[in-house]
Structure formats: C-alpha cells, structure tokens
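Below is one structure, written out as structure tokens, with a few remarks after it.
The values are calculated or read from the model by the stated rules, or taken from the named source; none is laboratory data. Note that the structure is a prediction, hence the values are computed from the model and not measured. Cβ sites come from the backbone with ideal geometry, for glycine too, and all protein chains shown count toward neighbours. Each accessible area value is taken on the protein alone, full model and side chains, heavy atoms only, with ligands, DNA and RNA left out. Shrake-Rupley method; radii C 1.70, N 1.55, O 1.52, S 1.80 Å.
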Amino acid sequence: MYKYYRIMYLLICSTLLAPLLYNVLFEIELNRRATGSFSSTLLYKQGSAIEKDVTQDTKNLIFLNNKSIRKEFKQFNPFPDCSLSLSINFTKPDPIIYNSLPICNFSTSNENSSFYEVPIIFKLYPFSTIEEHHGADIHVGGHWFPKTCRAEQRLAIIVPYRNRESHLKLFLDIMHPFLKKQELDYTIFVINQHGDEEFNRAALFNVGYIEAMKLYSFDCFIFHDVDLFPEDLRNLYKCGSTPKHLAAAMDKDDYRLFYYSYFGGATAFSVPDFLGANGHATVYWGWGQEDDDMYNRVLRKLQKVVTRYPNEIARYKVVRTFNHTAANPNPDNGKIFKSNYNYSLDGLNTMNYTLNNILFYKLFTLINVTLSRESREQIYTRLNITM
C-alpha cells in the first residue's frame, strides 16, 4: 500500500512540475534566441579591433523578449514589444582603427534629383518587424556608425515624445535607412514626458541634450519632431558653423517656408552654438512660441543667422493622423515671447526634471522624465515680466 501511495505521489508531482519546467526551459531558450538574434551586428572584419570592441559590448547585453520579466518595467517601459537591454556599454568605434579610415563623403552631385528621392510609405509595422528591417547592423540604443569610412561628426537625434507610438514606428522605419545612407555616426534618443502637465517640447530637447552628452561625445544635435519625414537625401543631417533649419518646406505648407522666421520641425545645432544659445527655453507649456523663441536666441544671443537648404531639398512630409490631436495654443506663451526676456535667465541653466530611467532598446534610447513646472507667477517673476 505504501508503495502504491508513493507511486501516486510521484505521478502527481511530475504532472504539476512538468509544465513549470517546460516554461522555464522555454523562457531560457527565448532569451538565448533574443540575445543571439543580433549576432549579425558584428559586420566588421574578423579579428579587427572594432570587432573585438563590439563583441565585448554584445556579451554585456541582456535582451528581454518575454512579458513575465517585462512586467517589472511596466511603468516606464511603454514599448514592451521592443527588444530591450538591461545593461549596456555604449558601443563606440575603436579610435585607432576608426581614425585610420577615410572620411565618409556622401555625394550630392548627381544632376538627376530623382536619385535622392526618399520614398515615404506610411505603413505601420510592429517594432519586431522594424528591427528585422533595419536592426542587423544597429548597436543597442539606436546607435549606428559606418564600417568602411569615418563620419566627421557624432550626431544625436533628439525626439520629444508622449503617446505617439504609431508615429514613432514610422519614424524609426523611415529614419534609420535615411541616416545610414548618409553614412553618419548617429544615435536616436526618444525623450518621453511623464506626468499630467502640458507637453513641453523645448524642455524635452534640453533633457535629451543633457542626458545624451553623458553617454557619448556628440558634437552635433538635431532636434526633430516625431511626425516629420525628410524626402530628399541631399538634406544632410549635419551641423555647420551656424544653426540650420532642416524642415523649411513641408507638404502641409505646399512645400514653402511657413513664414520667414519659422524655425520648427527639425533643426541642427553644433554643441558650441547650442550652449551659446543657452539651449531651448523651459517656460513654454502646451503649444506655441518655443520655435520662435529659439530663432530669436540664434539672432540675438548667438548673433548668427539661420541657414536653410533650398525648398526643393528641404522637403518634408508631415503625418497628422493616428488619432493625434494637436494641443490648443497657450495664451501665456505669447506674452512670455513678446516680453523679450533675457535668455540667460532661462534655458539649459535652469533645467529642473526627474530622470525616471533610461532604457536602451534595439532601435533607440528611451529617456523617461518628469518635468517640474513653475506657476505663471513664478515664471513671470524669474524672467522679470510684468503681470
């Protein structure tokens, strides 16, 4: 009888434990495949110093592709379908090997302008499919650099964000191949605003600059809306000796400059120019005036002019669909802008925010922040504006 009960006990235990064991083994295999699925990122010559550097980097990565683990990151991980790394050493080219390469030279001299046309296809794919499209040679965090030549600049693309997942998918699917074709050393940063306060696009740009500079010695920053897509490869995503307005001709404005001082959509700043302007303003909550404020900072504080490509090159498509509703203009913003306040009183030097976390996805780096907001009275007092 005892032997009979013992057999029954073993049968019951095996019945209960078998599914659990299967799930554990399945999760282990899933993570193994997730980590291994990016082995194709190592496209360098075998044995080269660059390959060794990236191989070591890859060994330090842990990609999460199962929902049980992701639950721990639910609050500040709005993209559970993206491949996510728990740890990272920001991948950088080996300086000795990289500096020995010839400088990249993307040619814009072809007289046939159709050669540079960028097909903008508004088709939504899951993040996993976008990773399959473009992730093979992208380093974790959305960082890419050419292997056969040396990019002259280290570019950070800063994208302010809140609840625009469909637009972000389009952005990643379109921008990664665009930037690769120009042979740039670039990284895409998405700055995600938490909390119930109105959206503060300009302050998020500042956060992106501050946090990106902690990871890599970037020397060029492009501040870019998530729903804006360039149509011409001759629109080079590089910085020059003066700030550049990239998005000068949008389809919604019949491919003409909206107004003379318009400075929105996508702009390029070298680090010295961005610091010289004291970054973007922090006081414009909701819609309106932050672009005009930055234009004035260039003219008045930097004492420089804004450059633009001709309209036939600076062409962009804007996507306003996917249930996104533009914010209403904030009347306070107009009064602040017209006050001509001292730009040294607000900007990079007055940033106040809580960094919730930084997540390194395969196609981009996500910076989760909560911005601190002053009252109208506090803003007016600080900027010496009469109520």
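Observations on the structure shown:
- Of the residues making up the range 327-347, those that are open to solvent by less than 60 Å² (accessible area, probe 1.4 Å), without any contact (Cβ under 8 Å) to a residue 60 or more places away in the chain and closer than 9 Å to Gly288 by Cα are Asn333, Gly334.
- Take the conditions (1) surrounded by fewer than 22 Cβ atoms within 10 Å (Cβ to Cβ); (2) within 21 Å of the chain's Cα centre (by Cα); (3) of a type outside the set (Asp, Glu); (4) outside any helix (DSSP H, G or I); Leu275 misses just one of them, which is (4).
- Answer from Ile157, Ile191 - the residue that is in contact (Cβ under 8 Å) with a residue 24 or more places away in the chain and closer than 20 Å to Asn349 by Cα: Ile191
- Positions within the range 84-109 being among the β-branched types (Val, Ile, Thr), outside any helix (DSSP H, G or I) and surrounded by 13 or more Cβ atoms within 10 Å (Cβ to Cβ), in sequence order: Ile88, Thr91, Thr108
- Subset tally (residues that are more than 24 Å from Thr321 (Cβ to Cβ) and either crowded, with 18+ Cβ neighbours inside 10 Å or aliphatic (A, V, I, L, M) (or both)) for the range 186-199: 3
- Looking only at residues of the range 193-233 that are among the aromatic types (Phe, Trp, Tyr) and touching a Phe, Trp or Tyr at 6+ places or on another chain (Cβ under 8 Å), we find that the one that is nearest to Gly288 (Cα to Cα) is Phe199.
- Residue within the range 212-230 that is β-branched (Val, Ile, Thr) and open to solvent by 10 Å² or more (accessible area, probe 1.4 Å) present: no
- Considering the conditions (1) surrounded by fewer than 22 Cβ atoms within 10 Å (Cβ to Cβ); (2) in contact (Cβ under 8 Å) with a residue 24 or more places away in the chain; (3) not hydrophobic (A, V, I, L, M, F, W, C), Glu132 is excluded by exactly one of them, (2).
- A single member of Pro146, Pro95, Pro102 is more than 23 Å from Val226 (Cα to Cα), under 20 Å from the mean Cα position of the chain (by Cα) and not small (Gly, Ala, Ser), and it is Pro146.
- Only one of Ile358, Ile385, Ile379, Ile336 that is in contact with a strand residue (DSSP E or B) (Cβ under 6 Å, 6 or more places away or on another chain) and either under 16 Å from Glu198 (Cα atoms) or of a type outside the set (Ser, Thr, Tyr) (or both): Ile358
- Long-range neighbours under 6 Å by Cβ, at least six apart or interchain, first residue among the β-branched types (Val, Ile, Thr) within the range 266-282, second open to solvent by 10 Å² or more (accessible area, probe 1.4 Å) and assigned to a loop (DSSP other than H, G, I, E, B): Val271/Asp219
- Subset of the range 211-234 (residues that are modelled with pLDDT of 95 or more and of a type in the set (Phe, Trp, Tyr)): Phe218, Phe221, Phe223, Phe229
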